[in-house]
1. Identify the single condition in (1) within 29 Å of E209 (Cα to Cα); (2) open to solvent by 50 Å² or more (accessible area, probe 1.4 Å) that L24 does not satisfy, given that it satisfies every other one.
2. Within the bounds of segment 68-82, is there any residue that is touching a residue at least 60 places away in the same chain (Cβ under 8 Å) and not hydrophobic (A, V, I, L, M, F, W, C)?
3. Mind telling me which of the residues V104, V75, V98 ends up being within 28 Å of S164 (Cβ to Cβ), β-branched (V, I, T) and part of a helix (DSSP H, G or I)?
4. Within segment 41-52, can you find the residues that are surrounded by fewer than 23 Cβ atoms within 10 Å (Cβ to Cβ) and among the hydrophobic types (A, V, I, L, M, F, W, C)?
5. Note down all Cβ pairs under 8 Å where the first residue falls in segment 185-204 and is within 15 Å of ligand 2 (Cβ to nearest atom), the second is among the hydroxyl-bearing types (S, T, Y), and they're at least six residues apart or on different chains.
6. What about R219, is it out of contact with any Pro (no Cβ under 8 Å at 6 or more places or on another chain), buried (at least 17 other Cβ atoms within 10 Å of the Cβ) and not aliphatic (A, V, I, L, M)?
7. State all residues of segment 63-87 that are farther than 16 Å from R105 by Cβ and either in contact with a helix residue (DSSP H, G or I) (Cβ under 7 Å, 6 or more places away or on another chain) or surrounded by 16 or more Cβ atoms within 10 Å (Cβ to Cβ) (or both); if no residue qualifies, say none.
8. If you take the residues of segment 8-33 that are more than 6 Å from ligand 2 (Cβ to nearest atom) and among the charged types (D, E, K, R), which of them is nearest to I72 (Cα to Cα)?
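The values are calculated or read from the model by the stated rules, or taken from the named source; none is laboratory data. Computed from a predicted model, the values in this text were never measured in an experiment. When we count neighbours, we look across all protein chains shown, and the Cβ atoms used for this are built from the backbone with ideal geometry, even at glycine. Side chains are part of the model used for accessible areas, which takes the heavy atoms of the whole protein and leaves out ligands, DNA and RNA. Shrake-Rupley method; radii C 1.70, N 1.55, O 1.52, S 1.80 Å.
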Amino acid sequence: MKIAIDGPAAAGKSTVAKIIAKKLGYVYIDTGAMYRALTLKALQTSTDLEDENSLANLADQIKISFKNVGEIQKVFIDKQNVTDEIRNHDVTNHVSYVAKHKRVREKLVEMQQSLAEEGNVVMDGRDIGTFVLPGAELKIFLIASVEERAERRHKENIEKGFESDLENLKDEIRRRDQIDSEREVAPLIKAEDAVEIDTTSKSIDEVAEQILTLIHSKR
Ligand code: CDP
Ligand code: CDP
(Lines give C-alpha, C1' and ligand atoms only; values in the text may rest on other atoms or scores of the structure.)
(Ligands and ions follow the chains in the order given, each with its own letter.)
Protein backbone atom coordinates (compact mmCIF):
# COMPACT_ATOMS: atom_id res chain seq x y z
CA MET A 1 0.00 0.00 0.00
CA LYS A 2 1.23 3.49 -0.86
CA ILE A 3 0.12 6.44 1.28
CA ALA A 4 0.67 10.01 0.06
CA ILE A 5 0.64 12.91 2.54
CA ASP A 6 0.83 16.40 1.09
CA GLY A 7 0.24 19.90 2.39
CA PRO A 8 1.83 23.26 3.15
CA ALA A 9 4.78 23.89 5.47
CA ALA A 10 4.47 22.75 9.09
CA ALA A 11 1.02 21.22 8.65
CA GLY A 12 2.27 18.17 10.56
CA LYS A 13 3.01 15.91 7.58
CA SER A 14 6.28 14.38 8.69
CA THR A 15 5.24 13.97 12.33
CA VAL A 16 2.12 11.99 11.49
CA ALA A 17 3.76 10.17 8.57
CA LYS A 18 6.43 8.84 10.93
CA ILE A 19 3.83 7.69 13.49
CA ILE A 20 1.84 5.87 10.81
CA ALA A 21 4.92 4.27 9.28
CA LYS A 22 6.06 3.04 12.68
CA LYS A 23 2.62 1.65 13.65
CA LEU A 24 2.21 -0.20 10.35
CA GLY A 25 5.84 -1.15 9.73
CA TYR A 26 5.89 0.90 6.50
CA VAL A 27 8.87 2.74 5.05
CA TYR A 28 8.70 6.51 5.56
CA ILE A 29 10.08 8.70 2.76
CA ASP A 30 10.60 12.41 3.45
CA THR A 31 10.74 14.01 -0.01
CA GLY A 32 11.21 17.52 1.43
CA ALA A 33 14.51 16.32 2.92
CA MET A 34 15.68 15.48 -0.60
CA TYR A 35 14.95 18.99 -1.93
CA ARG A 36 16.60 20.37 1.22
CA ALA A 37 19.71 18.21 0.74
CA LEU A 38 20.14 19.37 -2.86
CA THR A 39 19.66 22.98 -1.73
CA LEU A 40 22.33 22.59 0.97
CA LYS A 41 24.77 21.20 -1.60
CA ALA A 42 23.93 24.03 -4.03
CA LEU A 43 24.57 26.64 -1.34
CA GLN A 44 27.83 24.95 -0.29
CA THR A 45 29.07 24.87 -3.89
CA SER A 46 27.81 28.41 -4.71
CA THR A 47 25.63 27.02 -7.51
CA ASP A 48 23.35 29.65 -9.04
CA LEU A 49 19.85 28.76 -7.81
CA GLU A 50 18.33 30.14 -11.02
CA ASP A 51 20.51 27.85 -13.16
CA GLU A 52 18.32 24.82 -13.80
CA ASN A 53 20.93 22.79 -15.69
CA SER A 54 23.63 23.26 -13.05
CA LEU A 55 21.21 22.24 -10.32
CA ALA A 56 20.09 19.17 -12.29
CA ASN A 57 23.75 18.21 -12.86
CA LEU A 58 24.42 18.64 -9.15
CA ALA A 59 21.50 16.30 -8.41
CA ASP A 60 23.15 13.73 -10.69
CA GLN A 61 26.49 14.06 -8.94
CA ILE A 62 25.30 13.46 -5.37
CA LYS A 63 23.67 10.50 -3.69
CA ILE A 64 20.95 11.38 -1.22
CA SER A 65 20.08 8.57 1.17
CA PHE A 66 18.20 7.86 4.40
CA LYS A 67 19.17 5.70 7.34
CA ASN A 68 16.91 4.95 10.28
CA VAL A 69 18.70 5.14 13.61
CA GLY A 70 16.20 4.35 16.36
CA GLU A 71 13.39 6.92 16.09
CA ILE A 72 15.45 9.29 13.97
CA GLN A 73 15.66 9.20 10.21
CA LYS A 74 19.10 10.44 9.24
CA VAL A 75 19.74 12.08 5.89
CA PHE A 76 23.02 11.72 4.01
CA ILE A 77 24.61 13.42 1.02
CA ASP A 78 27.06 10.78 -0.15
CA LYS A 79 28.61 9.70 3.19
CA GLN A 80 28.06 13.01 4.99
CA ASN A 81 25.35 13.18 7.66
CA VAL A 82 23.34 16.36 6.90
CA THR A 83 20.27 15.61 9.05
CA ASP A 84 20.50 18.80 11.11
CA GLU A 85 22.07 21.08 8.52
CA ILE A 86 19.26 20.65 5.98
CA ARG A 87 16.83 22.22 8.49
CA ASN A 88 18.84 25.43 8.90
CA HIS A 89 17.47 28.86 8.07
CA ASP A 90 19.50 29.33 4.94
CA VAL A 91 18.30 26.06 3.42
CA THR A 92 14.68 26.70 4.48
CA ASN A 93 14.70 30.12 2.85
CA HIS A 94 16.16 28.90 -0.46
CA VAL A 95 14.67 25.44 -0.94
CA SER A 96 11.53 26.58 -2.79
CA TYR A 97 13.68 28.31 -5.43
CA VAL A 98 15.55 25.06 -6.10
CA ALA A 99 12.35 22.97 -6.07
CA LYS A 100 10.61 25.03 -8.75
CA HIS A 101 12.87 23.84 -11.59
CA LYS A 102 11.47 21.16 -13.90
CA ARG A 103 14.73 19.24 -14.42
CA VAL A 104 15.48 19.22 -10.70
CA ARG A 105 12.05 17.78 -9.97
CA GLU A 106 12.42 15.14 -12.68
CA LYS A 107 15.63 13.87 -11.06
CA LEU A 108 14.26 13.82 -7.52
CA VAL A 109 10.88 12.36 -8.50
CA GLU A 110 12.71 9.51 -10.26
CA MET A 111 14.60 8.78 -7.02
CA GLN A 112 11.37 9.00 -4.99
CA GLN A 113 9.51 6.63 -7.27
CA SER A 114 12.30 4.07 -7.16
CA LEU A 115 12.41 4.29 -3.35
CA ALA A 116 8.64 3.70 -3.29
CA GLU A 117 9.04 0.47 -5.24
CA GLU A 118 10.40 -1.12 -2.08
CA GLY A 119 6.91 -1.97 -0.85
CA ASN A 120 4.58 -0.38 1.68
CA VAL A 121 5.42 3.30 1.99
CA VAL A 122 4.23 6.53 3.54
CA MET A 123 5.62 9.43 1.55
CA ASP A 124 5.18 13.11 2.40
CA GLY A 125 5.75 16.24 0.35
CA ARG A 126 3.89 18.65 -1.90
CA ASP A 127 3.19 16.67 -5.09
CA ILE A 128 3.06 13.06 -3.91
CA GLY A 129 -0.65 12.45 -4.56
CA THR A 130 -0.63 14.48 -7.78
CA PHE A 131 2.66 13.49 -9.47
CA VAL A 132 4.98 11.14 -7.58
CA LEU A 133 2.48 8.43 -6.60
CA PRO A 134 -0.72 9.26 -8.52
CA GLY A 135 -1.92 5.69 -7.94
CA ALA A 136 -1.49 5.83 -4.15
CA GLU A 137 -4.27 3.92 -2.38
CA LEU A 138 -4.72 6.72 0.15
CA LYS A 139 -4.01 10.42 -0.35
CA ILE A 140 -4.13 12.88 2.52
CA PHE A 141 -3.93 16.66 2.26
CA LEU A 142 -3.09 18.23 5.62
CA ILE A 143 -3.75 21.90 6.24
CA ALA A 144 -3.74 24.26 9.25
CA SER A 145 -3.92 28.03 9.70
CA VAL A 146 -0.68 29.95 9.09
CA GLU A 147 -0.84 31.19 12.69
CA GLU A 148 -0.96 27.69 14.11
CA ARG A 149 1.74 26.39 11.77
CA ALA A 150 4.08 29.23 12.71
CA GLU A 151 3.34 28.66 16.42
CA ARG A 152 4.24 24.99 16.01
CA ARG A 153 7.58 25.76 14.35
CA HIS A 154 8.25 28.48 16.95
CA LYS A 155 7.68 26.03 19.78
CA GLU A 156 9.88 23.47 18.08
CA ASN A 157 12.70 26.04 17.69
CA ILE A 158 12.47 27.14 21.31
CA GLU A 159 12.57 23.52 22.50
CA LYS A 160 15.69 22.94 20.43
CA GLY A 161 17.31 26.08 21.85
CA PHE A 162 17.27 27.93 18.51
CA GLU A 163 16.55 31.61 18.07
CA SER A 164 13.01 32.11 16.83
CA ASP A 165 10.77 35.00 15.88
CA LEU A 166 7.10 34.20 15.45
CA GLU A 167 6.32 37.03 13.00
CA ASN A 168 9.32 36.11 10.83
CA LEU A 169 8.22 32.50 10.84
CA LYS A 170 4.73 33.49 9.64
CA ASP A 171 6.24 35.51 6.79
CA GLU A 172 8.63 32.71 5.82
CA ILE A 173 5.87 30.08 5.82
CA ARG A 174 3.56 32.32 3.76
CA ARG A 175 6.31 33.05 1.24
CA ARG A 176 7.31 29.39 0.88
CA ASP A 177 3.67 28.27 0.50
CA GLN A 178 3.16 30.92 -2.16
CA ILE A 179 6.20 29.87 -4.23
CA ASP A 180 5.32 26.18 -3.84
CA SER A 181 1.67 26.77 -4.84
CA GLU A 182 2.36 29.11 -7.76
CA ARG A 183 5.21 27.28 -9.49
CA GLU A 184 4.52 25.87 -12.95
CA VAL A 185 5.76 22.34 -12.33
CA ALA A 186 3.94 20.09 -9.87
CA PRO A 187 2.64 22.88 -7.63
CA LEU A 188 1.34 22.31 -4.12
CA ILE A 189 -2.28 21.44 -4.74
CA LYS A 190 -4.74 18.95 -3.30
CA ALA A 191 -5.19 15.89 -5.49
CA GLU A 192 -8.81 15.46 -6.57
CA ASP A 193 -9.09 12.17 -4.72
CA ALA A 194 -7.25 13.31 -1.56
CA VAL A 195 -8.91 13.52 1.85
CA GLU A 196 -8.35 16.97 3.34
CA ILE A 197 -7.78 17.18 7.09
CA ASP A 198 -7.64 20.55 8.81
CA THR A 199 -5.26 19.98 11.73
CA THR A 200 -5.78 23.42 13.30
CA SER A 201 -6.43 22.77 17.03
CA LYS A 202 -6.02 19.03 16.53
CA SER A 203 -3.40 17.04 18.40
CA ILE A 204 -0.83 14.92 16.59
CA ASP A 205 -2.44 11.74 17.95
CA GLU A 206 -5.90 12.80 16.80
CA VAL A 207 -4.68 13.36 13.25
CA ALA A 208 -2.69 10.11 13.21
CA GLU A 209 -5.74 8.16 14.47
CA GLN A 210 -7.95 9.73 11.82
CA ILE A 211 -5.51 8.67 9.08
CA LEU A 212 -5.08 5.17 10.54
CA THR A 213 -8.87 4.74 10.46
CA LEU A 214 -8.88 5.73 6.79
CA ILE A 215 -6.07 3.24 6.09
CA HIS A 216 -7.95 0.40 7.80
CA SER A 217 -11.06 1.17 5.76
CA LYS A 218 -9.00 0.91 2.55
CA ARG A 219 -7.32 -2.37 3.42
O1 CDP B 1 8.82 20.40 6.60
P2 CDP B 1 8.60 21.64 5.83
O3 CDP B 1 7.17 21.90 5.62
O4 CDP B 1 9.33 22.82 6.35
O5 CDP B 1 9.18 21.45 4.37
P6 CDP B 1 9.71 20.17 3.66
O7 CDP B 1 8.65 19.15 3.55
O8 CDP B 1 11.02 19.80 4.26
O9 CDP B 1 9.94 20.74 2.19
C10 CDP B 1 10.84 21.80 1.93
C11 CDP B 1 10.55 22.38 0.57
O12 CDP B 1 10.86 21.41 -0.44
C13 CDP B 1 9.13 22.81 0.29
O14 CDP B 1 8.84 24.11 0.75
C15 CDP B 1 9.08 22.73 -1.23
O16 CDP B 1 9.64 23.87 -1.84
C17 CDP B 1 9.99 21.55 -1.54
N18 CDP B 1 9.26 20.30 -1.76
C19 CDP B 1 8.69 20.10 -3.00
O20 CDP B 1 8.72 21.00 -3.84
N21 CDP B 1 8.10 18.92 -3.29
C22 CDP B 1 8.05 17.93 -2.39
N23 CDP B 1 7.49 16.78 -2.71
C24 CDP B 1 8.60 18.12 -1.10
C25 CDP B 1 9.18 19.33 -0.81
O1 CDP C 1 6.21 17.99 7.96
P2 CDP C 1 5.53 19.30 8.18
O3 CDP C 1 6.36 20.46 7.77
O4 CDP C 1 4.17 19.35 7.55
O5 CDP C 1 5.25 19.47 9.72
P6 CDP C 1 5.94 18.75 10.99
O7 CDP C 1 7.39 19.04 10.96
O8 CDP C 1 5.50 17.33 11.05
O9 CDP C 1 5.23 19.50 12.19
C10 CDP C 1 5.59 20.80 12.58
C11 CDP C 1 5.46 20.90 14.09
O12 CDP C 1 4.08 20.90 14.44
C13 CDP C 1 6.11 19.76 14.86
O14 CDP C 1 6.80 20.31 15.95
C15 CDP C 1 4.94 18.93 15.34
O16 CDP C 1 5.20 18.32 16.59
C17 CDP C 1 3.84 19.97 15.48
N18 CDP C 1 2.47 19.46 15.29
C19 CDP C 1 1.47 19.78 16.18
O20 CDP C 1 1.75 20.48 17.15
N21 CDP C 1 0.20 19.33 16.01
C22 CDP C 1 -0.15 18.58 14.95
N23 CDP C 1 -1.40 18.16 14.80
C24 CDP C 1 0.87 18.26 14.03
C25 CDP C 1 2.16 18.72 14.22
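1. Among (1) within 29 Å of E209 (Cα to Cα); (2) open to solvent by 50 Å² or more (accessible area, probe 1.4 Å), the lone unmet condition for L24 is (2).
2. Looking for residues that are touching a residue at least 60 places away in the same chain (Cβ under 8 Å) and not hydrophobic (A, V, I, L, M, F, W, C), one finds none in segment 68-82, hence no.
3. That would be V98, the only listed residue that is within 28 Å of S164 (Cβ to Cβ), β-branched (V, I, T) and part of a helix (DSSP H, G or I).
4. The answer is L43, L49.
5. Qualifying pairs under 8 Å: L188/S181; T200/S145; I204/T15.
6. no
7. F66, Q73, V75, F76, I77, V82, T83, E85, I86, R87, listed by residue number.
8. Looking at residues that are more than 6 Å from ligand 2 (Cβ to nearest atom) and among the charged types (D, E, K, R), I get K18.
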